[in-house]
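A.B. asks: So that we are looking at the same thing, I have put the structure below in structure tokens.
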Amino acid sequence: MWTANHQKMGYMAVTAQFIDDSWNLHSQILSFKYVPCPHDAPALLEAQRSCLNDWKIEDKISTVTLDNCTANDAMIDLLKGQFEPDSFILKGNVAYWSGTPKRHEKFEDTARQLGVPYTKKISLDCVTRWNSTFLMLSTALSYKTVFERARLRELRLSCAPSEIDWQNAQHLCDKLELFHEVT
């Protein structure tokens with residue numbers, strides 16, 4: 001969203017980034033349109049969905065990146081409600097090991113026991129920042145053996161990544177790494 005100071009009117013710009021079959025990165029402006037007030041989550045969702053519908057790409061979205069404001073956070077929650085929970089890695093549940101200091105200490109201890117250097121703290125992504133997803137996945141992938149061992153030690157852990165989840169995470173991380181390097 002952008003507000004023109006002299007007009008006091010809000011506009012939404014929607015861009016798309018994609019990699020073609022030859023691995024060339026493209027960036028395209030899909031929409032730049034006026035969004036009437038109020039600029040709350042439902043209004044932002046409607047403007048976003050209108051753009052996706054115009055381009056017929058509602059089912060081709062893998063990531064949405066926004067600036068970090070309350071209305072955008074609420075809009076993301078509404079937008080996520082438009083997708084099946086199974087479409088997200090681990091159905092969106094990734095917070096177990098960073099949920100409490102005690103769990104974090106257990107994880108770090110397990111890394112030490114396995115001889116895995118604990119140089120990066122595990123973290124969660126921020127739904128409005130794609131680069132935090134990349135950083136979370138790249139860190140998690142470096143601790144894959146630690147996660148697997150810790151899962152065996154922690155009986156209360158109700159979900160853990162399967163081998164297919166790890167492969168999907170690696171695949172996504174590989175794609176996001178290109179954006180991370182470019183930016």
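The values are calculated or read from the model by the stated rules, or taken from the named source; none is laboratory data. Quick caveat: nothing in here was measured; it's all calculated off a predicted structure. All Cβ positions, even for glycine, are placed from backbone atoms using ideal geometry, and neighbour counts span all protein chains on display. With ligands, DNA and RNA removed, areas are computed over all heavy atoms of the protein, side chains included. Shrake-Rupley method; radii C 1.70, N 1.55, O 1.52, S 1.80 Å.
A.B. asks: If Ser132 passes every condition in (1) out of contact with any His (no Cβ under 8 Å at 6 or more places or on another chain); (2) open to solvent by less than 50 Å² (accessible area, probe 1.4 Å); (3) within 19 Å of Ala169 (Cα to Cα); (4) at pLDDT 85 or above but one, which one does it miss?
C.D. replies: Unmet for Ser132, out of (1) out of contact with any His (no Cβ under 8 Å at 6 or more places or on another chain); (2) open to solvent by less than 50 Å² (accessible area, probe 1.4 Å); (3) within 19 Å of Ala169 (Cα to Cα); (4) at pLDDT 85 or above: (4).
A.B. asks: Now, a different point. Right, Tyr96: surrounded by 15 or more Cβ atoms within 10 Å (Cβ to Cβ), outside any helix (DSSP H, G or I) and modelled with pLDDT of 85 or more or not?
C.D. replies: Spelling it out, it is not the case that Tyr96 is surrounded by 15 or more Cβ atoms within 10 Å (Cβ to Cβ), outside any helix (DSSP H, G or I) and modelled with pLDDT of 85 or more.
A.B. asks: Looking at the range 13-51, which of its residues are among the aliphatic types (A, V, I, L, M) and in contact (Cβ under 8 Å) with a residue 24 or more places away in the chain?
C.D. replies: Across the range 13-51, the qualifying residues are Val14, Ala16, Ile19, Leu25, Leu30, Val35, Ala41, Leu44, Leu45, Ala47.
A.B. asks: If a residue must be open to solvent by 30 Å² or more (accessible area, probe 1.4 Å) and either over 21 Å from Thr119 (Cα atoms) or at pLDDT below 90 (or both), how many such residues does the range 136-156 contain?
C.D. replies: Of the residues in that region, 8 qualify.
A.B. asks: Within the range 79-90, identify whether any single residue is within 30 Å of Ala41 (Cα to Cα), modelled with pLDDT of 80 or more, surrounded by 14 or more Cβ atoms within 10 Å (Cβ to Cβ) and not hydrophobic (A, V, I, L, M, F, W, C), and answer yes or no.
C.D. replies: no
A.B. asks: Further, regarding this structure: Quickly run through the range 51-63 and pick out the residues that are under 14 Å from Phe83 (Cα atoms) and surrounded by fewer than 17 Cβ atoms within 10 Å (Cβ to Cβ).
C.D. replies: The answer is Ile57, Glu58, Asp59, Lys60, Ile61, Ser62, Thr63.
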